[in-house]
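Accompanying notes for the structure given below.
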Amino acid sequence: MKQKMWKWASLLPLSLLLLLSGCSENMLVLQPKGPVAKTQYDLIMWSIGFMLLIIVVVFVLFTVVLVRYREKPGRDNYEPPEEEGNTLLEIVWTAIPILIVTALAVPTVKATFALEKPSQKSVKPLTIHVTAANWKWIFSYPEQNIETVNYVNIPEDVPVKFKLTSVGPMSSFWVPQLGGQKYAMDGMETELFLEADEPGSYMGRNANFTGKDFTHMEFEVVAQTKDDFNKWVKEVQQTAPKLSKGKYETILKPGLVGRMTFSNTHLEWIDHAKQNSHHMGKTEEHSENTKHHEGMDMEHHSH
Amino acid sequence: MKWSEFFVTGEPLIYAADVSIVLTMIGIVFVLTYFKKWKWLWNEWLTTVDHKKIGVMYIISAVLMLFRGGVDALLMRAQLTAPNMKFLDSQHYNEIFTTHGTIMILFMAMPFIIGLMNIVVPLQIGARDVAYPYLNAISFWLFFVGAMLFNIAFVIGGSPDAGWTAYFPLAGNEFSPGVGNNYYAVALQISGIGTLMTGINFLVTILKMRAPGMTLMRMPMFTWTILITCVLIIFAFPVLTVALALMTFDRLFDTQFFTMANGGMSMLWANLFWIWGHPEVYIVILPSFGIFSEVVSTFARKRLFGYKAMVYSIVGIAFLSFIVWVHHFFTMGAGAAVNSFFSITTMAIAVPTGVKIFNWLFTLRKGRIRFTTAMLWSLAFIPNFVIGGVTGVMLAMAAADYQYHNSYFLIAHFHYVLIAGTVFACFAGLHYWYPKMFGHILNERLGKWTFWLFMIGFNICFFPMYFLGLMGMTRRMYTYSAGLGWTPLNVVASVGAALMGIGFIVLCYNIYYSARYGERDMTGDPWDGRTLEWATSSPVAHYNFAVIPEVKDLDAYWEMKKSGKGFEIDEEKLKPIHMPSNSGRPFLISIAFFFAGFGLVFKWFTLAIIAAVFIILGLILRSFDDDDGYYISVDEIKRTERLTGKGA
């Protein structure tokens, strides 16, 4: 009876796995839509293979040992031998993990280096500055001279060089279907290359806790055909309002804002990556900041 | 400061907690007075320097903290069960996951392990106490007041809310203006000092106080893991001490170590935190490995397979634990070369860990396996920890980690290693050594109920989280929208959490039930044990060993039993035993630490300074203390030994 329960228990995780395969269409990480996410997907699948192998070996050994060597009627007087160990076995189960780790380390290192560069050399990457603020994402296109808030349009099949920084707490920029995340930090600039293979809408979010409304700090990545993208850029340049310093200050105040579009960028007067820009004119700013915190609850989600 | 700011207001849950705290305190005072137990409490517990009693107090505190952290966990699961729940608002949720993490690691896992090591290590090495019993009492009381200080935050002043990692700049004054993170900095500092002293104490104890004949390579595996853990503590905790001191300066005196302005460097905090934080997880895991080794070997009736390989692998893991910290923030953009280095060092940990898993399996092989509760916990550890371990290797692969980082995949991974590793070990150790602490055995039937409820609940709770992570759910989200498709798995996880909660209730009932009806352990060796602690009576006499045993082999007591003699006490050889005196000073000094800490939290510097004067006064008084302890007479030893049936 007990042994049956044991077997059942050890199968539990596997049965869950089967159950979960029904939910697989939601697993964004396993549905890459670009070369970066694809590289990571391949690495993940490669590692899962080895990991399942290890799990199977250990689980089988474990079950066999428990069933065979359990105390049962007829074995009451069995006295186990005193064995100290076995050098050959020790070498075997040291060497095999080393081989597995090597098999995982080589592609890991390759991929880690590869992801630092754009996935294709022939196409010039599109540069987008990303500024994380409490609790919104600001996207500036320096070459196109446009700026968006909480959504970002990109052309398909073009590597995008996201230059990440933050005004405030450390945030993490993550678009699971396009690729893994990277931190955005105040007074720092980190770079993340992503690329979309096909037009579509991809969820992006802040993956690093930044306080009250961190949960709602989402954005949408819209990948478009190159023509659509160019059309959109033109339209924005012609029709979107200008971003003023005053307006920008309002956007930066802690709270949630809806989507916005502007026909210039805040990079004209400030690049938070280059300086602790958040604190320019510190005394003034600081007192204002304290006020922001007190008035936090009054900020509302405006669409 | 107004009273309405001093006490946390506005939350029905908090008011309920206020009421229950007051009622519990009145209840405790009433019971102690009614049964006239105040003197007993003072003489037997508050002033004790006996490692066994200190260990028991550690474990009681840890179980209380497990309750607190567990309630936090259940509140979080309740909030996440359905999308857009309004049960907790984001601020309350942020406070709860912060206290859950901090309490579970620092005030539950650590003290549970330290409690077990307090009780067991001196017994396993055939010593009568630790090297510095007085210091041991200070260690405990500092941990205890630190834990209490941290725990009152949620009703007085407000809980910390920047995560248990307290990353800057979020945890700085600018974004966390309340006193919550002051509590974090000060409470962890106070209990951290206690832990550091424990590390030093047990290192010296193990190195200097082993029974004659017990060479390093004849030490029980649990003692080995504690020795290495002490080394980890001694190297890792000073880093935390420094980091917390800088944090305290930043928060109380507006220094700029980790701020965004004036040359502050928030990344420095992340680095310091994890230079301590990664060894810290091995501080709670290595002793767990030790506990499993003892239990598996006892209930398989076999010597530990590959003892030497086991020792080398712990040393290897301990060394590697100091060169992997960057894997906690591969996404900080340190560059491919740095990430690759830390990827490889992290994956390398899988090698010695794998060695240990196979050695446990081969200890079981050819054994005669008895499924006691302690053994069930130890056996369940193997498959569950392997799941946690292999997903750990996946997380170690930097390029892939960019996709797992901060997601529920990570949450699932570290709960699989910390629960299946440390919590299972604590429960295994509790059942296994319970007779040594209290003289009776925990009921096996109830124990198995706890085991199955908790173990199955654990898998149901955390296994789905791997998939939630792959679906893009990040940690610390207080809610999610229905359209994301995360609801079914979150419901499953909450059911599992509830099962774990029920398991914990059964455990508590078991403690009560066994105290009343439990089987008394008359032999001192209920499991047919192998190491020296089983040569003592249950509960253990105040002086542990009437005569210090002589060790001739690994599994010293097993060898004695095999040679047919057991551990015999020759009454002729008895000598008076020198024991340390009780002292109330460690308790009082720690109370002063509490008030000093409380003063710092609220920037009431007058209170802090007055309390600091008392601390220094306590230290000065100690320096002039010439109490050398006392002797237990031969007659008294004889009487005690005859009573327990160990004497001839």
Residue by residue through the stretch B:358-371, note down the ones that are open to solvent by 10 Å² or more (accessible area, probe 1.4 Å) and part of a helix (DSSP H, G or I).
B:F358, B:F362
Scan the stretch B:609-636 and report the pairs whose first residue is among the hydroxyl-bearing types (S, T, Y) and whose second residue is at pLDDT 90 or above, with Cβ atoms within less than 8 Å and a gap of 6+ or a chain change.
B:Y630/B:H578; B:Y630/B:M579; B:Y630/B:S581; B:Y631/B:P576; B:Y631/B:I577; B:Y631/B:H578; B:Y631/B:M579; B:S633/B:P576
Wholly within the stretch A:68-176, which strands (runs of 3 or more DSSP E) include no fewer than the required count, namely at least 3 residues that are touching a Gly at 6+ places or on another chain (Cβ under 9 Å) and at negative phi?
A:160-167, A:171-175
Restricting attention to the stretch A:186-214, report how many residues are more than 15 Å from A:V160 (Cα to Cα), open to solvent by 10 Å² or more (accessible area, probe 1.4 Å) and more than 7 Å from chain B (Cβ to nearest Cβ).
4
Restricting the stretch B:486-517 to residues that are within 14 Å of another protein chain (Cβ to nearest Cβ) and among the polar types (S, T, N, Q), the residue that is most open to solvent (accessible area, probe 1.4 Å):
B:T487
Contact list, first residue from the stretch A:39-67 and more than 8 Å from every other protein chain (Cβ to nearest Cβ), second anywhere and hydroxyl-bearing (S, T, Y) and surrounded by 15 or more Cβ atoms within 10 Å (Cβ to Cβ), beta-carbon distance below 8 Å, six or more apart or interchain, is A:T63/A:S10
How about the stretch B:521-535: which of its residues are open to solvent by less than 10 Å² (accessible area, probe 1.4 Å), within 11 Å of B:W433 (Cα to Cα) and in a loop (DSSP other than H, G, I, E, B)?
B:G524, B:G529
Pairs needed: first member in the stretch B:556-581, open to solvent by 50 Å² or more (accessible area, probe 1.4 Å); second member anywhere, part of a loop (DSSP other than H, G, I, E, B) and of a type in the set (G, A, S); C-beta distance under 7 Å; at least 6 residues apart or different chains.
B:E568/B:A648; B:P576/B:S633; B:H578/B:G629
Is the stretch B:89-107 home to any residue that is under 22 Å from B:F462 (Cα atoms), hydrophobic (A, V, I, L, M, F, W, C), surrounded by fewer than 16 Cβ atoms within 10 Å (Cβ to Cβ) and within 14 Å of another protein chain (Cβ to nearest Cβ)?
no
Just checking, which of B:H278, B:H327 is under 25 Å from B:F424 (Cβ atoms), within 14 Å of chain A (Cβ to nearest Cβ) and part of a helix (DSSP H, G or I)?
B:H327
From the list B:G27, B:G55, pick out the single residue that is modelled with pLDDT under 95, part of a helix (DSSP H, G or I) and open to solvent by less than 90 Å² (accessible area, probe 1.4 Å).
B:G27
Considering only residues that are of a type in the set (G, A, S), within 9 Å of chain A (Cβ to nearest Cβ) and assigned to a helix (DSSP H, G or I), which ones fall in the stretch B:446-485?
B:G469
Suppose we filter the stretch B:377-388 for residues that are more than 9 Å from chain A (Cβ to nearest Cβ) and either under 24 Å from A:G74 (Cα atoms) or of a type in the set (S, T, Y) (or both); how many remain?
1
Residue in the stretch B:343-350 that is of a type in the set (A, V, I, L, M, F, W, C), part of a helix (DSSP H, G or I) and within 20 Å of A:L89 (Cβ to Cβ) present
yes
Conditions (1) touching a residue at least 60 places away in the same chain (Cβ under 8 Å); (2) within 14 Å of chain A (Cβ to nearest Cβ); (3) hydroxyl-bearing (S, T, Y) -> B:T248 fails only (2)
Residues (at the interface with chain B (Cβ under 7 Å from one of its Cβ atoms) and either of a type in the set (V, I, T) or closer than 30 Å to A:V149 by Cβ (or both)) located in the stretch A:81-129:
A:T94, A:I98, A:V101, A:T108, A:V109, A:T112, A:L115, A:E116
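The values are calculated or read from the model by the stated rules, or taken from the named source; none is laboratory data. From a predicted model like this one, the values you see are computed outputs, not experimental measurements. Methodologically, a virtual Cβ is constructed for each residue, glycine included, from the backbone with ideal geometry; neighbour enumeration extends over all protein chains shown. With ligands, DNA and RNA removed, areas are computed over all heavy atoms of the protein, side chains included. Shrake-Rupley method; radii C 1.70, N 1.55, O 1.52, S 1.80 Å.
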